[in-house]
1. Would you grab the residues whose amide H sits under 5 Å from the one on residue 62? Only those 5+ places off in sequence or on another chain, please, with H modelled 1.01 Å from N.
2. Gain in length, residue 55 to residue 149, computed as 0.36 nm per residue apart minus the alpha-carbon separation, to one decimal in nm?
3. Starting from the amide H of residue 239, placed 1.01 Å from N in the peptide plane, find each other amide H under 5 Å away whose residue is 5 or more places distant or on another chain.
4. Can you compute the FRET efficiency between residue 48 and residue 185 using 1/(1 + (r/R0)^6), with r the Cβ-Cβ distance and R0 = 41 Å? Round to the nearest 0.05.
5. Using θ = phi - 60° and the Karplus curve 6.51 cos²θ - 1.76 cosθ + 1.60, what whole-Hz ³J(HN,Hα) does each residue of the range 153-169 get, with Gly and Pro shown as x?
6. If you average the C-alpha positions of the range 34-54 and of the range 106-143 separately, how far apart do those two centres end up, in angstrom?
Amino acid sequence: MGSSQSWKNRTAVISGGSNGLGRALALALSQQSANVVIIGRDENRLAMVRQQCLEAGAPNVWIVSLDVRQMAVGKRALADIETATHPEPGESLRDVLAVQGCDLLINAVGKSDRGLLGQLTQADLTEQFDLNVLATHAMTQFCFAALCQSRGVVVNIASLAGIIPGPGMGGYSMSKHALVGLHRQWRIESDSSGVHFLLVCPGPIQREDTLDRYADIVHSRGLDPASQRPGGGVALNRLDPMWLSQKILQAAFERKSELIVPTKARLLALLMTIWPSLADRIIRKKMKRT
């Protein structure tokens, strides 16, 4: 059974760790006295989160300014695009992994969207796949050798939209379904490596910008205004990010295979497989927008 100190003195790498659920996970790990490596694009935000993690109890925090989309595209070598600002100028993610190792990789980088598949362009879909699928694959590849040495854990943050289609979320749902497939393929292929894979599919998460985050894009695409709300406006309670982070870290420590929150969504996902027409009716009629 996990405890409040399950990840003490272990090293966790978090892509997308400067914002949203990734930031909450970084803080939750810091409260457990873990060493934290936070990857993000905004250096100012990274510096702020680093200070918050140190204040929360992390003994060491490295921040790496890195656009994981460039890793995914593969146009440039990682050594050419990454920079680190702590503890030593010029120290790279590769350097940190070589010294600290990696006990836990959390792939939290990603981006949601609003739009019907019929109105989305190739560029819209490519952006979703770069961030929600290919970036996760690239990060896992890069950290895999270190994870093998520690028999570590990879946590891939998907979404309920990755197992159940959501209203007005065509490109996002499509890419998150692909992420679930990527995760399960890694899990099968890594059985002999000692690396464990945990898939997390959460419902809508509380955010400060919940009400207006997608207002402009919903308006420009002529969607139902309810679509701008979390989960496309479905009637689900918003999850507290710190509470969810604790659930994720405990599930990772216990090396569970999948964490779906709320649990009842697992039944609908199962129904999608064994009785898809009924599941579609439930999604259309019962998951009413709030």
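Read the figures in this text as sums done on the coordinates, not as results from a lab. If you're wondering where the values come from, they're calculated on a predicted model, not measured in any experiment. Using ideal geometry, Cβ is built from the backbone for each residue, glycine included, and neighbour counts are taken over all protein chains shown.
1. Sorted by chain and number, the residues that satisfy this are 36, 37, 38.
2. 30.9 nm
3. 205, 206
4. Efficiency computed from Cβ-Cβ geometry: 0.70.
5. Those phi angles translate into 10, 10, 10, 9, 8, 9, 5, 4, 5, x, 10, 9, x, x, x, x, 10 Hz.
6. Cα centroid to Cα centroid, the span is 22 Å.
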